[in-house]
Amino acid sequence: MKNAKIIASGMHVPDKIFSNAYFNELLGEDVDTWLRENVQIYERRWCHENESTADLCHGAASEALQNAGMKATKIDLIIVATDTPEYISPSTAAVLQHRLGAKNAGTFDLNAACAGFVTATETATHYIRSGSVNNVLVVGAYAMSKYLDKTDKKTVTLFADGAGAVVLTATDEKNKGHQTGKLISQGQYTDWMGIYGGGTKNPISDKVLQQKDHKLKFVKKFPPELNPQMWSGLAKELASNMNIGVEEVDQFLITQININAIKETLRILDVDQNKAHTVMHHYGYTGSACIPMAFHEAWQKQKVKEGDTLFFIGSGGGLAFAANAFIL
């Protein structure tokens with residue numbers, strides 16, 4: 001049986017930068033202090049009016065293919081993980097396939113909210129192991145600025161746009177590539193945060209627009225201990241499956257919504273805080289894109305290298321949780 005190995009990565013963000021000072025003026029109060037002290041977000045990128053999710057995907061995917069030294073025609077499957085798609089239908093992955101000229105690739109989108117990228121790499125691995133494909137392009141993309149209520153300080157200051165991509169290829173190496181994975185959800189939280197207008201439950205109507213249900217909403221506050229408990233539990237399960245200690249993991253790439261949650265997770269695991277590279281500081285919270293963006297930046301900065309054990313741990317609305325381990 002073949003295994004799936006990550007051979008290259010790429011990322012792309014809009015060039016439109018918004019510092020915290022912009023939101024001080026927008027909201028008429030000091031939000032910069034809270035953002036710096038609690039989530040360590042200093043600035044973020046938003047799409048231009050004529051820029052959308054497929055543009056972000058194309059930028060990240062093109063860089064990943066270039067870094068892999070691979071032509072788009074060699075890609076067998078494209079999976080785009082996003083909950084801010086180009087259209088409700090057809091898929092963003094189909095748009096990307098055409099733009100790349102990946103004429104031999106099948107396509108589909110995957111929506112596991114901000115756990116989407118890890119879920120997609122897990123899915124790609126199983127396709128490769130089935131023997132049906134050799135090369136898979138996985139893109140995590142987020143253009144949440146399109147869904148923000150600019151008067152809602154709970155969301156407008158946090159969420160941002162970007163995309164990260166990886167190329168996975170079939171390998172005979174068992175001591176490289178994918179090692180183990182886990183998906184789990186807590187569906188009781190589905191109505192706590194989301195975009196609740198525009199689907200079949202609440203199609204677009206005057207009422208939906210007036211209530212701003214077509215925008216992102218935090219309906220209820222999540223327990224602060226939820227992510228650290230779930231993330232640390234998933235890390236321990238991955239380590240157990242690999243018969244290693246969590247201290248042997250070289251880098252933890254975790255959902256970048258709250259730096260304190262990441263720090264608490266590493267404290268629970270009793271591992272070095274430097275083992276979790278973070279990118280929210282200058283990119284904001286980029287949902288399903290944040291983990292591949294953090295991975296790409298860590299690789300570019302040589303914080304990860306060939307032979308390293310990496311744990312990817314994501315969570316998002318639903319609540320969906322996904323984790324897997326790769327040896328680079």
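Estimated purely from DSSP H runs of n ≥ 4, each contributing -39500 (n - 2.57), the mean residue ellipticity at 222 nm for the chain is -9000 deg cm²/dmol once divided by its residues. Between region 131-157 and region 234-286, what is the C-alpha centre distance in whole Å? Between the Cα centre of region 131-157 and that of region 234-286, the gap is 21 Å.
Taking amide H as placed 1.01 Å from N in the peptide plane, residue 81 has its amide H under 5 Å from the amide H of 110, 139, 140, 141, each at least 5 places away in sequence or on another chain. Placing unit charges on each Cβ (+1 for Lys and Arg, -1 for Asp and Glu) gives the chain a dipole about its Cα centre, and among 165, 12, 101 the Cα reaching farthest toward its positive end belongs to 101. Remark: the chain projects, on average over all directions, an area of 16.0 nm² (convex hull of Cα atoms).
Expected output is a single nm value to one decimal: the length gained when fully extending between residue 174 and residue 89, i.e. 0.36 nm times separation in residues minus the C-alpha distance. What is it?
Working: separation 85, 0.36 × 85 = 30.60 nm, distance 3.80 nm.
Additional length available on full extension: 26.8 nm.
Working with all protein chains in place, sort 297, 173 by solvent-accessible area computed with a 1.4 Å probe, largest first. Let's see the in-between values first.
Working: 297 35, 173 65 Å².
Result, largest first: 173, 297.
Can you list, largest first and rounded to whole Å, the semi-axes you get for region 117-180 by taking the square root of 5 times each eigenvalue of its Cα gyration tensor?
On the way: eigenvalues 248, 23, 15 Å².
Ellipsoid half-lengths, sorted descending, are 35, 11, 9 Å.
Beyond 23 Å in Cα-Cα separation lie the following of the pairs 153/221; 150/275; 16/74; 182/275: 150/275; 16/74. Restricting region 118-193 to trypsin sites (Lys or Arg not before Pro) that sit in a DSSP loop and have at most 14 other Cβ atoms within 10 Å of their own Cβ leaves 150, 174. Within the listed set 313, 195, 262, the Gaussian network model of the chain (springs between alpha-carbon atoms below 10 Å) gives the highest mean-square fluctuation for 195. For 225, 86, 37, the ranking by accessible surface with the largest value first comes to 37, 225, 86, using a 1.4 Å probe.
Accessible area per residue of region 173-328 at 1.4 Å probe, in Å²? Spell out each step's value before the answer.
Working: 7080 Å² over 156 residues.
Value for region 173-328: 45 Å² per residue.
Dipole size in debye (nearest 20) for region 137-185 around its Cα centre, Lys and Arg Cβ +1, Asp and Glu Cβ -1?
For region 137-185, the charge dipole is close to 180 debye.
Charged side chains reduced to their Cβ positions (Lys and Arg at +1, Asp and Glu at -1) give region 1-122 a dipole of some 920 debye around its Cα centre.
Which order, highest average first, do 156-162, 117-123, 136-142, 186-192 follow once you tally other Cβ atoms within 10 Å for each residue and take the mean per peptide?
Values: 156-162: 25.3, 117-123: 28.3, 136-142: 32.9, 186-192: 12.9.
In decreasing order of mean packing, 156-162, 117-123, 136-142, 186-192 become 136-142, 117-123, 156-162, 186-192.
The share of accessible area on region 50-127 that comes from carbon and sulfur is 49 percent, using a 1.4 angstrom probe. Projected label points at residue 308 and residue 33, each 7 Å from Cα along the beta carbon direction, are separated by 3.7 nanometres.
What accessible area per residue, rounded to a whole number of Å², is obtained for region 1-90 using a probe radius of 1.4 Å?
Details: 4340 Å² over 90 residues.
For region 1-90, the solvent-accessible area averages 48 Å² per residue.
Is there a quick way to get the dipole size of the chain? I mean about its Cα centre, with the Cβ of Lys and Arg at +1 and of Asp and Glu at -1; what is the value in debye to the nearest 20? Could you put the intermediate results ahead of the total?
Values: 32 positive and 35 negative charges, 114 e Å.
Result for the chain is approximately 540 debye, rounded to the nearest 20.
What the Kirkwood sum gives for region 278-328 is a hydrodynamic radius of 11.9 Å, with every pair of different alpha carbons counted.
Rounded to whole numbers, the Karplus 3J(HN,Hα) couplings from phi for region 313-328 are 9, x, 8, x, x, x, 7, 10, 10, 8, 8, 8, 10, 10, 9, 6 Hz, using 6.51 cos²θ - 1.76 cosθ + 1.60 with θ = phi - 60°, and x at Gly and Pro.
Rolling a 1.4 angstrom probe over region 131-234 with all protein chains present gives an accessible area of which 52% lies on carbon and sulfur atoms. Applied to region 208-223, the Karplus parametrisation 6.51 cos²θ - 1.76 cosθ + 1.60 on θ = phi - 60° returns per-residue 3J(HN,Hα) values of 4, 5, 5, 7, 6, 6, 8, 10, 5, 9, 8, 8, 9, 7, 6, x Hz, with x for Gly and Pro.
The values are calculated or read from the model by the stated rules, or taken from the named source; none is laboratory data. Please read all numbers here as calculations on a predicted model, not as lab measurements. Quick reminder, even Gly has a Cβ in these numbers, built from the backbone with ideal geometry, and neighbours come from all protein chains shown. These area figures cover heavy atoms from the full protein model, side chains too; ligands, DNA and RNA do not enter into them. Shrake-Rupley method; radii C 1.70, N 1.55, O 1.52, S 1.80 Å.
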